Amino acid sequence: MPHPRRFHNVHLLQLSYAREVVEQLASAGVEPGAARPEDFVHTAVRLQRLEPREAAALSALAESAGVAMATGRNGALLGGSVSALRGLVHRLAAAEAAEERPLARLGQELSSCLAARRGVMRWGDRELDFRQGPLVMGVLNCTPDSFFPGSRLADSEEALERAAGMVEAGADILDVGGESTRPGSEPAEEAEERRRVVPVIEGIRRRWDVLVSVDTRKAGVAQAALEAGADMINDVSGLRDDPALAGLAAARGVPVVVMHMRGTPKTMQKAPHYEDTVREVLEELAEMAEGALVAGVAPEMIILDPGIGFGKRLEDNLRLIRHGQALRSLGFPLLVGLSRKSFIGAVLEVPVEERLLGSIVAGAAAAINGADILRVHDVAETVQMVRMLKSLGLVPS
Ligand code: HH2
């Protein structure tokens with residue numbers, strides 16, 4: 001009698017999280033401890049600025065660690081299982097100990113890039129818990145000229161009404177700003193900016209326990225905002241416009257969002273150009289983070305932001321959203337603010353009023369690619385989107 005055909009049911013697994021690997025091992029009946037989950041999570045890492053000697057030494061170590069390596073004109077790629085890459089980290093450390101200077105730091109950088117994972121930021125009696133997936137930051141524009149007219153709030157009464165809706169919809173943070181930084185905008189006077197944000201922050205503080213950040217480039221405004229009850233600072237100039245701002249954040253021990261921008265809002269969209277967007281933004285963010293550290297800001301209090309729409313072309317914005325994981329590899333949490341911005345208008349050919357759907361889709365892509373905070377005008381829709389991503393297992397929950 002012919003044998004009945006027996007299928008082995010071979011199928012591809014799409015395993016983005018180590019947790020899913022653990023589930024699959026269990027469902028295949030593999031005894032706990034009989035396999036290392038990190039053997040089954042594969043990843044690739046890009047390196048820059050390798051000297052020929054470093055590349056040769058690294059290539060030999062990579063091969064012995066079972067890690068694939070490809071070297072090109074502008075750097076190299078390493079690829080393999082997470083455990084093999086960790087093995088390479090150990091070999092690099094051993095080579096460094098053996099005085100093989102060219103490999104100094106490389107092992108550390110590779111190690112921190114593999115370890116970049118979501119944690120909890122704690123200060124005073126406040127915390128931001130990034131372990132349960134992306135948080136939602138609602139935008140409160142106390143300005144007459146923000147790029148999205150639907151976000152402009154005429155007075156503190158209107159701002160508090162909008163804040164109530166956002167809190168009700170599940171916002172984790174409210175970002176209060178008194179100056180538009182849309183392309184071509186003029187800076188706001190400090191006294192005016194303070195007058196716009198302080199009563200709103202005081203009002204929020206009296207009513208809700210939600211976290212409040214102040215969106216400002218000025219130390220004077222940030223100080224008044226912190227005194228009014230703000231919990232953190234969001235600076236689109238990445239602590240470069242006002243040197244006192246970093247010192248203030250350091251002295252108060254509050255988190256600070258360091259955003260990437262080339263130029264100023266007035267000039268930033270005049271012919272921006274990048275050869276290699278992700279690498280250049282990453283390098284410049286690393287320098288900005290370094291500046292914050294030098295000013296005394298604790299490393300656990302820094303949040304990085306690629307500055308979508310700030311001195312970027314359409315393709316730069318799209319690339320930065322796609323490569324969120326690369327931007328997280330410096331080890332800092334990542335904030336992405338793309339809500340209703342003009343790159344969405346450029347793709348969909350719709351005015352700012354009709355960019356909700358594009359914002360939700362691009363926001364979902366950013367979240368899947370590692371964003372820890374989504375800064376948005378439409379809180380209720382974003383909270384729903386994040387809940388769907390969590391239920392699909394596409395972001396941590
Ligand atoms: N975008 C805007 C303002 N502040 N802060 C961070 N960290 N990241 C961003 O992407 C970001 C930001 C622009 O949006 P909006 O506040 O709505 O516009 P305007 O500056 O015109 O008020």
Original post:
Among the numbered criteria (1) within 25 Å of Arg122 (Cα to Cα); (2) modelled with pLDDT under 95; (3) buried (at least 22 other Cβ atoms within 10 Å of the Cβ), which single criterion is violated by Asp305?
Top reply: (2)
Original post:
Between a first residue in the range 46-71 that is in contact (Cβ under 8 Å) with a residue 40 or more places away in the chain and assigned to a strand (DSSP E or B) and a second residue that is of a type in the set (Ser, Thr, Tyr) and surrounded by fewer than 18 Cβ atoms within 10 Å (Cβ to Cβ), which pairs have beta carbons less than 7 Å apart while being 6 or more apart in sequence or on different chains?
Top reply: none
**OP:** Give the residues of the range 160-202 that are away from the ligand (no atom under 16 Å from the Cβ), touching a helix residue (DSSP H, G or I) at 6+ places or on another chain (Cβ under 7 Å) and more than 19 Å from Ala222 (Cα to Cα), sorted by residue number.
**Re:** Leu160, Ala169, Gly170
**OP:** Please verify whether the range 340-354 includes one or more residues that are in contact (Cβ under 8 Å) with a residue 24 or more places away in the chain and either within 25 Å of Ser112 (Cα to Cα) or acidic (Asp, Glu) (or both).
**Re:** yes
Subject >> Candidates Asp241, Asp276 - the one that is away from the ligand (no atom under 16 Å from the Cβ) and at pLDDT below 95 >> reply: Asp276
Original post:
Does Val352 count as in contact with a Phe, Trp or Tyr (Cβ under 7 Å, 6 or more places away or on another chain), within 16 Å of the ligand (Cβ to nearest atom) and more than 30 Å from Thr43 (Cα to Cα)?
Top reply: yes
Original post:
What pairs come up if the first residue lies in the range 142-154 and is touching a residue at least 40 places away in the same chain (Cβ under 8 Å), the second is within 6 Å of the ligand (Cβ to nearest atom) and among the small types (Gly, Ala, Ser), and their beta carbons are under 8 Å apart, counting only those six or more places apart or on different chains?
Top reply: Cys142/Gly177; Thr143/Gly177; Thr143/Ser180; Asp145/Ser180; Phe147/Ser180
Subject >> the range 123-151, residues that are farther than 30 Å from Asn369 by Cβ, more than 16 Å from the ligand (Cβ to nearest atom) and not charged (D, E, K, R) >> reply: Gly124
Original post:
Restricting attention to the range 209-253, which residues are of a type in the set (Lys, Arg) and over 22 Å from Gly309 (Cβ atoms)?
Top reply: Arg252
Subject >> Single residue of Gly311, Gly358, Gly307, Gly331 found to be part of a loop (DSSP other than H, G, I, E, B) and touching a helix residue (DSSP H, G or I) at 6+ places or on another chain (Cβ under 6 Å) >> reply: Gly331
**OP:** For the range 89-96, indicate whether the set of residues that are out of contact with any Gly (no Cβ under 7 Å at 6 or more places or on another chain) and of a type in the set (Asp, Glu) is non-empty.
**Re:** no
**OP:** Could you identify the single residue in Ala115, Ala154 that is within 16 Å of the ligand (Cβ to nearest atom) and either surrounded by fewer than 17 Cβ atoms within 10 Å (Cβ to Cβ) or at positive phi (or both)?
**Re:** Ala154
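The values are calculated or read from the model by the stated rules, or taken from the named source; none is laboratory data. The shown structure was predicted, so the numbers you read here are calculated from the model rather than taken from an experiment. FYI the Cβ positions are ideal-geometry reconstructions off the backbone, even for glycines, and counts take in every protein chain you see.
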